[in-house]
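Peer 1: What follows is a structure written as structure tokens; I'll ask about it next.
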Amino acid sequence: NFFLIQELLRVMRTIDDRIVHELNTTIPTASFVGKIDAGQTCKELYQSLMDAHTSRERIIKNCIAQTSSVVKTLREEREKAQDDVALLKQLRKEQTKLKLMQSELNVEEVVNDRSWKVLS
């Protein structure tokens, strides 16, 4: 279900949505400079961001691959049974889902770019 995937991605993008807050709480103020290793904390934030981006991209690409496979199969079946209206509806539904998932890759790129700019 595409909407479940969207919800999962929304939850997984929390780190990106809160990047400014994370940086503000990660980088110590002048009074805490000696007590917190800002470099290490920043590296950990960087790694968390990298992990989140990698896992989201992997999920999206896996969904695209699976949906593409379903679309391919439905197209082949459609060629054999061109009068099957239910099959045509299913094919269109899956094609729409595929387009939505492909657009999620674009969304992911925008989210990632914004986070990296803020982190830099």
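Peer 1: Considering all alpha-carbon pairs of the chain, what whole percent are spaced by more than 19 angstrom? Working shown, then result.
Peer 2: Values: 4172 of 7140 pairs.
Beyond 19 Å sits 58 percent of the P(r) for the chain.
Peer 1: Of all trypsin sites (Lys or Arg not before Pro) in segment 1-104, which ones are in loop regions per DSSP and have a Cβ with at most 11 other Cβ atoms within 10 Å? Could you put the intermediate results ahead of the total?
Peer 2: Working: sites: Arg10, Arg13, Arg18, Lys35, Lys43, Arg56, Arg58, Lys61, Lys72, Arg75, Arg78, Lys80, Lys89, Arg92, Lys93, Lys97, Lys99; in loops: Arg13, Arg18, Lys35.
Listed in order of number, the matching sites are Lys35.
Peer 1: From the helices alone, meaning DSSP H stretches of at least four residues, give me the mean residue ellipticity at 222 nm for the chain, per-run term -39500 (n - 2.57), in deg cm²/dmol to the nearest 500. Present the calculation step by step, with values, prior to reporting the outcome.
Peer 2: Working: 5 runs with 101 residues, N = 120.
Counting only the DSSP helices, I get -29000 deg cm²/dmol.
Peer 1: Can you tell me how much longer the chain between Val107 and Gln95 gets when fully stretched, taken as 0.36 nm per residue apart minus their C-alpha distance, in nm with one decimal?
Peer 2: 2.5 nm
Peer 1: Still on this structure: So how many Lys-Lys pairs in segment 5-120 land under 23 Å Cα to Cα, not counting same-chain pairs under 8 apart?
Peer 2: Qualifying lysine pairs in segment 5-120: 16.
Peer 1: Turning to a different aspect of this structure: Length gain on complete extension for the stretch Gln66 to Gln40, per 0.36 nm per residue less the alpha carbon to alpha carbon distance?
Peer 2: On the way: separation 26, 0.36 × 26 = 9.36 nm, distance 3.88 nm.
Stretched out fully, the Gln66 to Gln40 stretch lengthens by 5.5 nm.
Peer 1: Arrange the residues Ile64, Ile19, Ile59, Ile27 by how much accessible surface each exposes, largest first, with a 1.4 angstrom probe. List each step's numbers first, then the result.
Peer 2: On the way: Ile64 25, Ile19 0, Ile59 45, Ile27 95 Å².
In descending accessible area the options line up as Ile27, Ile59, Ile64, Ile19.
Peer 1: Right, something else. Got a number for carbon plus sulfur as a percent of the chain's accessible area, 1.4 Å probe? Show your work: numbers first, answer last.
Peer 2: On the way: 4520 of 8270 Å².
Carbon and sulfur: 55 percent of the exposed surface of the chain.
Peer 1: Using alpha carbons only, how many degrees (0 to 90, rounded to 10) separate the axis of helix 85-119 from the longest principal axis of the chain?
Peer 2: Taking the Cα atoms of the chain, the angle to 85-119 is about 10 degrees.
The values are calculated or read from the model by the stated rules, or taken from the named source; none is laboratory data. Computed from a predicted structure; not experimentally measured. FYI the Cβ positions are ideal-geometry reconstructions off the backbone, even for glycines, and counts take in every protein chain you see. Just the protein is used for accessible areas: all its heavy atoms, side chains included, with ligands, DNA and RNA removed. Shrake-Rupley method; radii C 1.70, N 1.55, O 1.52, S 1.80 Å.
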